[in-house]
């Protein structure tokens, strides 16, 4: 049965997950053919290419875009679907097939992490309108905008991801373990100011989490009360010693680390973060720029195929 949203545009980085996405593409095609879903595959060739593919597909009349891979691929596709806080083209649909090293974004919606079951969710008409976080951050002295569908961090989390990007790819997901220890050694907390709508917080902190979804870091339930359709972003400010970032990990996987006396929790629609020095920002495992930054929720701007 053909999709009611037209043929699927499969946007995949075959090198993602140490090449595992490319290895799973034949199985993905078999599943699509068995379900009689029309499709074409567009393979990305470098950073930002998935965004370009998404824009060109939508402007060319296609509507159903499927990001195949991890959170970075999802983020790039989403950034090709939205312009000036609105859908680039009305009626566009986002599908996600978690492949390679997996995808934390889909965990919030209970979507599967394997190709055969993920393709099953590409059938039918069920959609869910999701919010995005618009991030206006600093890069080379100018303000740049990016949309984040899942989770962003300012501070230690950004430093860890930045360090991980410089480690050998053959380390796999253990890159983040080693990057954590390498970053912890030299990282120091800063004086941070956070404004959430009309409320403010100021003090020493090591990290600020701004969450639209619930999971990151390979299954950590960092923001258990986040709901990507409620028009709000959830904020966690870590004010305790750096060592807590490690000792708290088992509880984070279960979503039991909050409430905590060293984590300031807030919720709002517009968040500004500034500090006594530029803090690195990561979003969905991708590093981009530094503070000062503003995070604004854009309600129900993308239709997710569930």
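Nothing in this text is a laboratory measurement; each read-out follows from the coordinates by a stated rule. Keep in mind it's a predicted model, so treat the numbers as computed, not measured. Because the Cβ atoms are built from the backbone with ideal geometry, glycine has one as well, and the counts that use them run over all protein chains shown.
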Run the quick spin-label model on residue 181 and residue 143: label points 7 Å from Cα toward the beta carbon, then report their separation in nm to one decimal.
-> 4.2 nm
The stretch 21-79: spread of alpha-carbon positions along the three principal axes, whole Å, largest first, is 30, 26, 17
Return the whole-Å distance between the Cα centroid of the stretch 11-55 and the Cα centroid of the stretch 96-153.
-> 15 Å
Quick one: if the Förster radius is 22 Å, what FRET efficiency do residue 272 and residue 300 give, using the C-beta to C-beta distance and rounding to 0.05?
-> 0.45
Going by C-beta contacts inside 10 Å, put 64, 246 in order with the fewest on the left.
-> 246, 64
Compute the acute angle (0 to 90°) between the alpha-carbon long axis of helix 71-81 and the principal axis of greatest extent of the alpha-carbon atoms of the chain; round to the nearest 10°.
-> 70 degrees
Using a Gaussian network model of the chain whose springs link C-alpha atoms within less than 10 Å, name the residue from 92, 101, 200 with the highest mean-square fluctuation.
-> 200
Tell me what the chain gives for mean residue ellipticity at 222 nm when only DSSP H runs of n ≥ 4 count, each as -39,500 (n - 2.57), the sum divided by the residue total, rounded to 500 deg cm²/dmol.
-> -7000 deg cm²/dmol
Can you give the angle from 0 to 90° between the axis of helix 49-59 and the longest principal axis of the chain, with both taken from C-alpha atoms, to the nearest 10?
-> 50 degrees
Ranking of 9, 96 by count of other Cβ atoms within 10 Å, fewest first | 9, 96
So how do 253, 147, 216 line up by other beta-carbon neighbours within 10 Å, fewest first?
-> 253, 147, 216
Restricting things to alpha carbons, tell me how big the stretch 132-299 is in terms of Rg and Dmax, in Å.
-> 14.6, 46
Say we join alpha carbon atoms closer than 10 Å with springs in a Gaussian network model of the chain; which of 292, 280, 261 then has the biggest fluctuation?
-> 261
Who wins for biggest fluctuation among 104, 234, 140 in a Gaussian network model of the chain, springs between alpha carbons below 10 Å?
-> 140
